[in-house]
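The values are calculated or read from the model by the stated rules, or taken from the named source; none is laboratory data. Computed from a predicted model, the values in this text were never measured in an experiment. Here the Cβ positions follow ideal geometry from the backbone for every residue, glycine too, while neighbour counts run over all protein chains shown. For accessibility, only protein heavy atoms count, side chains too; no ligands or nucleic acids. Shrake-Rupley method; radii C 1.70, N 1.55, O 1.52, S 1.80 Å.
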Amino acid sequence: MRILQLGRLSNDVNEALASGYDTTFLWQQTQADEYLRQNGNRFDLVVTSAQFGLTQTQLEYLPNLKAVCSFGVGYDAINVADLQKRGIVLSNTPDVLTDCVADLAWGLILDVARRISAADRYVRSLSWGGKQRFGNSTRVSGKRLGILGLGRIGKAIAKRGEGFGMDIAYHNRQKVADVAYAYFDDLGELATWADFLVIACPGGKETQGLVDASVLKALGEHGFLINIARGSIVDEAALIEVLQAKQLAGAALDVYAHEPNIPTALLQNGTVVLTPHMGSATLETRQDMDTLLLDNVASFMQTGRLLTAVTL
Ligand code: 8YV
């Protein structure tokens, strides 16, 4: 069986795939599209990531594809309906990244409310002690935490919220059975209720633009938006508008509509905290993701089965 790896992953993964299997690195081909058009029929398994995805055209050039092993938990950049039609199986890397993504969500909640990054800029500019006062920030403990998407990551964020004595509620496609948190079946109502709205649902067509102007206005001038999921879930233009009109207290974002491009209006806004899609990017979690990706490849090669198959 032959492997096609679409984009560069860690050195450990690149080396393991190159030494253990018959692997071709598509990114090393000078004319990747042409290479794929002419040689796509040779490959049985694709290795990709949440970031690289798999395009419809690439899939068409892979008539003998049997499995896709992806690095990352989200698979919105892969058309699962097309995989399903062709009986191609897909694995991702769930669970191992849950804690670190939830930790980053909490870092962002604390940063945007307590103005930690803004305070850091203030101190470094030697403003402390000068005429310009830093001003107060906003309390986090005991406030209302609204979570959009109560899956594995949403639950881990909620659990941390309990430690901060917060009231916790969520919106999800459906009510989650094993939790005591309040359920809102209307996202606008959750936003009206919440002081902090954290986005933790999957990306893709179903959630595209779900957090729109009306949801943001419902969150309101004292509310904060935190997004560690996908940029596509938020109407970024509407977010800029409400921030500029001070109809929202602030936003903390790890993900964007067109990564790595961030609109200048967000870069220049002092009430916004920005990080470079780094939720899962700790040494420990990235090693665990590498291992799980490689274990899925090994399992498929040996048994024809994936360890963490996505239900398509
Ligand atoms: C990716 C992510 O792993 O897991 C996801 O869905 O978005 C990240 O953890 C990272 O962007 C590499 O593709």
Task: Tail beyond 20 Å, pair distance distribution of region 71-195 (Cα, percent) - done: 59
- [ ] Calculate the dipole size of the chain relative to its Cα centre from +1 charges on Lys and Arg beta carbons and -1 charges on Asp and Glu beta carbons; express the result in debye to the nearest 20.
- [x] 540
- [ ] Could you compute the FRET efficiency for SER10 and ARG86, with r as their C-beta to C-beta distance and R0 at 41 Å, rounded to 0.05?
- [x] 0.90
- [ ] Enter the per residue convex hull volume of region 239-280, computed from alpha-carbon coordinates, in Å³ rounded to the nearest integer.
- [x] 66
Task: Long-range HN-HN contacts of VAL68 with modeled amide H, under 5 Å - done: VAL46, VAL89, LEU90, SER91
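So what's Rg/Rh here for the chain, counting alpha carbon atoms and using the Kirkwood radius for Rh? Working shown, then result.
Working: Rg = 21.4 Å, Rh = 20.9 Å.
With Rh from the inverse mean 1/r over Cα pairs, Rg/Rh is 1.02.
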TODO: Might you tell me the accessible area per residue for the chain, computed with a 1.4 Å probe and given in Å²?
DONE: 51
TODO: Report ³J(HN,Hα) in whole Hz for each residue of region 271-276, in order, from the Karplus equation J = 6.51 cos²θ - 1.76 cosθ + 1.60 where θ = phi - 60°; Gly and Pro get x.
DONE: 8, 10, 10, 10, 10, x
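From the P(r) of region 14-76, can you give the percent of Cα pairs sitting at distances over 20 Å?
Details: 484 of 1953 pairs.
So the portion of pairs separated by more than 20 Å is 25 percent.
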- [ ] Report ³J(HN,Hα) in whole Hz for each residue of region 138-146, in order, from the Karplus equation J = 6.51 cos²θ - 1.76 cosθ + 1.60 where θ = phi - 60°; Gly and Pro get x.
- [x] 10, 5, 9, 3, x, 7, 9, 10, x
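Given contacts defined as C-alpha pairs under 8 Å and at least six residues apart, what's the relative contact order of the chain, whole-number percent? Provide the component values of the computation, followed by the final result.
Values: 565 pairs, mean separation 51.8, N = 312.
Once normalised by length, the contact order is 17 percent.
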TODO: Of the DSSP beta bridges with both residues in the chain, give the percent that are antiparallel, rounding to the nearest 5.
DONE: 5
TODO: Starting at the first residue of region 110-124, write each ³J(HN,Hα) from the Karplus equation 6.51 cos²θ - 1.76 cosθ + 1.60 with θ = phi - 60°, in whole Hz, x for Gly and Pro.
DONE: 5, 5, 5, 7, 8, 6, 5, 5, 5, 5, 4, 4, 4, 5, 5
Open item on the list: How large is the Rg to Rh ratio of region 149-192 when both quantities use alpha carbon positions and Rh follows Kirkwood?
Closed with: 0.94
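Give the Rg/Rh ratio for region 148-270, taking Rg as the radius of gyration of the Cα atoms and Rh as the Kirkwood radius, to two decimals. Don't jump to the answer; show the numbers that get you there.
Details: Rg = 13.9 Å, Rh = 14.6 Å.
Ratio of gyration radius to Kirkwood radius: 0.95.
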- [ ] Starting with the highest mean, order 168-178, 213-223, 134-144 by the number of other Cβ atoms within 10 Å, averaged over the residues of each peptide.
- [x] 213-223, 168-178, 134-144
Open item on the list: Once neighbouring chains are kept in place and the probe is 1.4 Å, which whole percent of the accessible area of the chain is contributed by carbon and sulfur?
Closed with: 48
- [ ] Using only Cα atoms, tell me the angle between helix 283-303 and the longest principal axis of the chain; keep it within 0 to 90° and round to the nearest 10.
- [x] 30
